[in-house]
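The values are calculated or read from the model by the stated rules, or taken from the named source; none is laboratory data. These numbers were taken from a predicted model, which means no experiment stands behind them. Backbone-built Cβ (ideal geometry, glycine too); neighbour counts: all protein chains shown. The accessibility values were calculated without ligands, DNA or RNA, using every heavy atom of the protein model including side chains. Shrake-Rupley method; radii C 1.70, N 1.55, O 1.52, S 1.80 Å.
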Amino acid sequence: MATSTLLSVQEYLQLDPRQDGLNDELIEGEVVLSPSAKPLHATVVRRITRLIEALESRGYELRTDFGCILGEHSLPGPDLALIRAERWRAIGEDEYLMGSPELVVEVFSPSNRKGLTAQKAALYLEYGAEAVWVVYPKRRTVMVLNIEGQTEARCGESVSFQGIVVPVSAIFEGL
C-alpha cells in the first residue's frame, strides 16, 4: 500500500516553478493543479471586484493573484479577497499573508476536483475569514459561508459584507 507524503508550505515553496501553463496551490499538503481561468470566470471575478471595491475606502485592500499561508500545509490563492489594509501593508514584499483574508471569493470551476471548493472554504474559515463567497456561474448563485453556517443567494436576492450589499443579479447580468 502506497502512502502519500504531505508537503509543508516550506517544502512547497522549494519546488521548481511550473513550466506547463497550469496554476498550482498547496491545499492540506497536496499540490492542486488547475488551468488558467476561462473568460466566464475572469468576467465574474471582475464584476465582483467592481461591486465591492467601495470597501477600499473603508480600510480594506481588494486583491487577486496572491497566496496566503493557512497553517503548516496550505498556501491557497483566492480568486478575489478583501484584507484589512493594515494587515496588507504589514506584509513584506517577498512574504505571504499569514491567515485568511477577511472576505474570500472563490468562483467555482467545473475543472476543480470534487470537493476542492468546499475544502478551501473550510480552510479559509478555520484560519480567520469572516466570510467566504463561493460563486456558481452556471447556477447563478452565491453560497455564503461564515461561522454561523451557510446560505445560498439566487438572482433577486443579495449578499453583503461590512455594509456593502451586492445584488446577485448584478454579478450575472448579461452572461
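Cβ separations smaller than 9 Å between residues 6+ apart or across chains give the following pairs from the stretch 43-70 residues that are without any contact (Cβ under 8 Å) to a residue 40 or more places away in the chain to residues that are open to solvent by 50 Å² or more (accessible area, probe 1.4 Å) and of a type in the set (D, E, K, R): Gly59/Arg84; Gly59/Glu86; Glu61/Arg84; Glu61/Arg87; Glu61/Arg89; Leu62/Glu53; Leu62/Glu56. Comparison of Glu130, Glu173, Glu126 shows that the only residue that is over 25 Å from Glu56 (Cβ atoms) and surrounded by fewer than 18 Cβ atoms within 10 Å (Cβ to Cβ) is Glu126.
Scanning the stretch 38-52 for any residue that is touching a Phe, Trp or Tyr at 6+ places or on another chain (Cβ under 8 Å) and within 20 Å of Tyr127 (Cα to Cα) turns up nothing.
Could you go through the stretch 11-26 and let me know if any residue there is open to solvent by 50 Å² or more (accessible area, probe 1.4 Å) and part of a helix (DSSP H, G or I). Scanning the stretch 11-26 turns up at least one residue that is open to solvent by 50 Å² or more (accessible area, probe 1.4 Å) and part of a helix (DSSP H, G or I).
Of the residues making up the stretch 124-138, at least one is farther than 25 Å from Asn23 by Cα and free of Cβ contacts under 8 Å to residues at least 40 places away in the same chain. Scanning the stretch 140-163 for residues that are in contact (Cβ under 8 Å) with a residue 40 or more places away in the chain, open to solvent by 20 Å² or more (accessible area, probe 1.4 Å) and not in a loop (DSSP other than H, G, I, E, B) turns up nothing.
Scoring Ser34 on the criteria (1) touching a helix residue (DSSP H, G or I) at 6+ places or on another chain (Cβ under 9 Å); (2) under 22 Å from Val166 (Cβ atoms) leaves a single failure, condition (2).
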